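The values are calculated or read from the model by the stated rules, or taken from the named source; none is laboratory data. These figures come from a predicted structure and were not determined experimentally. Quick reminder, even Gly has a Cβ in these numbers, built from the backbone with ideal geometry, and neighbours come from all protein chains shown. Just the protein is used for accessible areas: all its heavy atoms, side chains included, with ligands, DNA and RNA removed. Shrake-Rupley method; radii C 1.70, N 1.55, O 1.52, S 1.80 Å.
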Amino acid sequence: MTSNLPSHDIVASIEHWLDAMVIGQNLCPFANAARRRDLVSIVVASSGSAEQCLQQLSDEAHRLADSEEERTTLLVLPDGFENFDDYLDLLALAEALFEDLEFDGILQIASFHPEYQFEGTDRDDVSNWTNRAPYPILHLLREDSVERAVAGHPDPDSIPQRNIDRLEQLGLTGVLKLLERDR
């Protein structure tokens, strides 16, 4: 499947998801400050091939690692990785690439996908929406930024369960309503 949307529409969809879910529901208590300070880059992959996506990931990783700012990058994959298993294969390759590039301890990857499903959950379990996004995403984070943010949070270990509890309060209908947007 190929996305026929222009990049600016894909970026707008990701921005809406960030504002409505990630920040709006406080799923990531660190995202709001980064977004307000314009430290979140949204980059749409130029190809659906694994090789080209990994090259673009490498380029973005080097740019992020070399940056003096506490930036973060969302590499959006609108083409080629709609199937969750294909995406997980790419994620494994991306993590191996980071190891080869010696980014361990410098950068990490968080994963989001429209069909994200945690092991042991039903497909329709609302908890899966903590990692669901409009498109597959490889989220590149600087580890030093993550460590500082976590150190400043009163109880970082509670974040995943708090997120699940919040989405369960909303229910699937509420989550879907949040994600609706005028086109």
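Quick notes on this one:
- The stretch 83-118: number of residues that are at pLDDT below 95 and either open to solvent by less than 30 Å² (accessible area, probe 1.4 Å) or among the charged types (D, E, K, R) (or both): 1
- Given (1) touching a residue at least 24 places away in the same chain (Cβ under 8 Å); (2) open to solvent by less than 30 Å² (accessible area, probe 1.4 Å); (3) not in a loop (DSSP other than H, G, I, E, B), index of the condition N128 fails: (1)
Matching residues to (1) exposed (fewer than 11 other Cβ atoms within 10 Å of the Cβ); (2) among the small types (G, A, S); (3) within 19 Å of the chain's Cα centre (by Cα):
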| residue | (1), (2), (3) |
| --- | --- |
| L140 | no, no, yes |
| V146 | no, no, yes |
| A149 | no, yes, yes |
| H153 | no, no, no |
| G171 | no, yes, no |
| L179 | no, no, yes |
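- You will find that of P134, P154, P114, the residue that is farther than 24 Å from Q55 by Cβ, of a type outside the set (D, E, K, R) and not in a helix (DSSP H, G or I) is P154 and no other.
- Taking the stretch 155-169 as the range and being of a type in the set (A, V, I, L, M) and open to solvent by 40 Å² or more (accessible area, probe 1.4 Å) as the test, only I164 passes.
- Near pairs, Cβ below 9 angstrom, 6+ apart or cross-chain, from the stretch 68-90 (within 21 Å of W17 (Cα to Cα) and in contact (Cβ under 8 Å) with a residue 12 or more places away in the chain) to any residue that is in a helix (DSSP H, G or I) and of a type in the set (D, E): T73/E60; L75/E60; G80/D86; F81/D89
- Number of the exception - I109 against (1) touching a strand residue (DSSP E or B) at 6+ places or on another chain (Cβ under 6 Å); (2) more than 21 Å from E15 (Cβ to Cβ); (3) among the β-branched types (V, I, T): (2)
- Elements of type helices (runs of 4 or more DSSP H) in the stretch 1-68, at least 2 residues being open to solvent by less than 30 Å² (accessible area, probe 1.4 Å) and at pLDDT 95 or above: 7-17, 50-66
- Flag for V22 being within 19 Å of E180 (Cβ to Cβ) and not aromatic (F, W, Y): yes
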